[in-house]
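Here is the structure we will look at, set down as structure tokens.
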Amino acid sequence: MEYKTNSQRGLNTHCTHTGEIPDPVYRGSVSPIYPSTSYEYEDVDIKRYPRYFNTPNQEGVARKIAALEKAEDALVFGSGMAAISTALLSFLRQGDHVILPESIYGGTFHLATTQFPRQGISFDFVRTSQIPEIQSAIRPNTRVIYLESPSNPTLELTDLSAVSRIAAEQGILTMMDNTFASPVNQNPLEWGIDLAIHSATKYMGGHSDLCAGAIAGRSELIESIWNTAICYGGNLSDYSVWMLERSLKTLGIRVQRQNENAGRLASYLSTQDWVERVYYPGLNSFPQFELARRQMRGFGGMLSFTLSEELPAIAFLKALKLVKPAMSLAGVESTALQPSQTSHSLMPVGKRLELGITDQLIRFSAGIEELNDIVADLEQARNWVGERQNSL
Ligand SMILES: *Cc1c(COP(=O)(O)O)cnc(C)c1O
């Protein structure tokens, strides 16, 4: 389970090469796929089996992800939720308490609210951007503090080193869903967080065509998770793991481009009178800009903005031609959605509005297209909707 990673390598070299499987027979340039579910066991020190997370392709990709997260080890899962549920259930047991962010991914919210009560695990949702709220939620039986930063959809940040310091003092484990930032922009382990978790369906996959998850951390923690993981069986299949390796080769350049597009788009939107508010950690005007600069290397490909009242969000989304109104995020194509009607539709209206998630809020996932074409699309949608509104 222990991997030696050449930590001297830089980001894009890890993306391209770390964990690749040599092909000494044919000298092919890419890792061969090993679909075997059965491996001879004599004279070898490892028993390979897909659900043991140790086929050659699974191990290779885990090694690449460990390198990207600056971790000793990693495991690759069949979905982000397989990674999240396995991570949490590896450490939480009956009687334990866990602190979760108020603006948490919907699937993780569902996991906590529907599954934890049956297992005797208690939880509190707090605004993790407010350190005192975390401190006052800590109980003697708090076992895990779970974080997401930036949050969905308002990109609120949590001070990772402050949380990890508090948690370490009290022997509490910290986990962080790093999906939105990707390892290109932020490494939670560098700030003392114990485990970095990903929905690899998003930036790691990056082409909206594969579902996967990952956890990275110290070997001893990954070993504990592995013991639970082989029971739940949430491993990723051979072909998908190979696809994930292929996708990760371009993670660095994709995300760097998405950062650039999102940053420039956020600046542009901030100057527009048809936009009331822009949420992007890389804007000078973002309330947590200093924290963003401290703990993130890049500000990410996700931004949100509130349209002014004259432009109904549903009509605006429908009028877009290049940008797809789509669920999910992080693909090479730009997508947009209205959180109040999709990801946050089940949240009570009062709570939703308190978090700034009005019907006019649009969440935007920047792709890799030419920025001018994205802006032109937003402008034509704005003009089209604006003219129709005026003629009403
Ligand atoms: C999509 C997503 C998940 C869940 O991942 P799946 O691959 O869909 O299981 C978890 N966290 C965040 C932040 C996500 O965006």
Bridge type composition, the chain - antiparallel percent by DSSP, nearest 5:
55
So for V44, V323, V255, fewest C-beta neighbours within 10 Å to most, what's the order?
V44, V323, V255
FRET efficiency for I314 and S285, Cβ-Cβ distance as r, R0 = 22 Å, nearest 0.05?
0.20
Debye, to nearest 20: dipole size of the chain, +1 on Lys, Arg Cβ, -1 on Asp, Glu Cβ
120
Could you sort 256-268, 205-217, 305-317 so that the peptide with the highest average Cβ count within 10 Å comes first and the rest follow in order?
205-217, 256-268, 305-317
Here the residues of the stretch 301-320 lying in the modelled label zone of Q380, meaning backbone nitrogen under 18 Å from a point 7 Å along Cα-to-Cβ, are 315-320
Taking 0.36 nm per residue of sequence separation and subtracting the Cα-Cα distance, how much length would be gained by fully extending the chain between Q130 and R246, in nm to one decimal?
37.9 nm
Can you give me the C-alpha center-to-center distance between the stretch 319-376 and the stretch 49-108, rounded to a whole angstrom?
27
Could you identify which residue out of N152, N187, N372 has the top mean-square fluctuation in a GNM of the chain using Cα springs shorter than 10 Å?
N372
Lysine pairs, Cα distance under 16 Å, 8 or more residues apart or cross-chain: how many in the chain?
5
Shape call for the stretch 306-383, from the Cα gyration tensor axes a ≥ b ≥ c (a/c under 1.5 means rounded, otherwise prolate when a/b beats b/c, else oblate), comes out oblate
Dipole size in debye (nearest 20) for the stretch 1-149 around its Cα centre, Lys and Arg Cβ +1, Asp and Glu Cβ -1?
240
Dipole of the chain, positive end: most advanced residue of M176, V385, S267 [Cβ charges, Cα centre]:
V385
Highest mean first, how do 11-17, 328-334 rank when packing is the count of other Cβ atoms within 10 Å averaged over residues?
328-334, 11-17
May I ask you to evaluate 6.51 cos²θ - 1.76 cosθ + 1.60, the Karplus curve with θ = phi - 60°, for each residue of the stretch 157-162 and list the ³J(HN,Hα) values in order in whole Hz, giving x for glycine and proline?
9, 10, 6, 5, 6, 5
Please arrange R388, R27 by counting, for each residue, the other beta carbons lying within 10 Å of its beta carbon, fewest first.
R27, R388
What does the charge count near I99 come to, summing +1 for each Lys or Arg and -1 for each Asp or Glu among other residues with Cβ under 10 Å from its Cβ?
0
Rounded to the nearest 20 debye, what is the charge dipole size of the stretch 148-207 about its Cα centre when +1 sits on each Lys and Arg Cβ and -1 on each Asp and Glu Cβ?
160
Alpha carbon centroid spacing (whole Å) that separates the stretch 242-284 from the stretch 124-145:
30
In sequence order, calculated HN-Hα J values of the stretch 360-370 (Karplus, 6.51, -1.76, 1.60; Hz; x Gly/Pro)
8, 7, 10, 9, 10, 10, 6, x, 10, 4, 5
To one decimal place, what orientation-averaged projected area in nm² is obtained for the convex hull of the Cα set of the chain?
20.6
Multiply the residue gap between S219 and A162 by 0.36 nm, knock off their C-alpha separation, and tell me the result in nm, one decimal place.
18.2 nm
Pseudo-spin-label distance I230 to E354, built 7 Å along Cα→Cβ, given in nm, is 4.5
For a Förster distance of 41 Å, can you work out the FRET efficiency between the beta-carbons of R93 and E40, rounded to the nearest 0.05?
0.65
Any chance you could run the full-extension gain for E169 through L346? It's 0.36 nm times the residue separation minus the Cα-Cα distance, nm to one decimal.
60.1 nm
Assertion target for V349, V385, V275, ordered by fewest C-beta neighbours within 10 angstrom first, is V349, V275, V385
Using R₀ = 22 Å, calculate the FRET efficiency as 1/(1 + (r/R₀)^6) where r is the Cβ-Cβ separation of R388 and K321; round to 0.05.
0.90
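Throughout, read-outs are computed from the coordinates displayed, never taken from laboratory work. This one's a predicted model, so the numbers in the text were calculated from it and none came from an experiment. Heads up, the Cβs are rebuilt from the backbone with ideal geometry, glycines too, and the neighbour counts pull from every protein chain shown.
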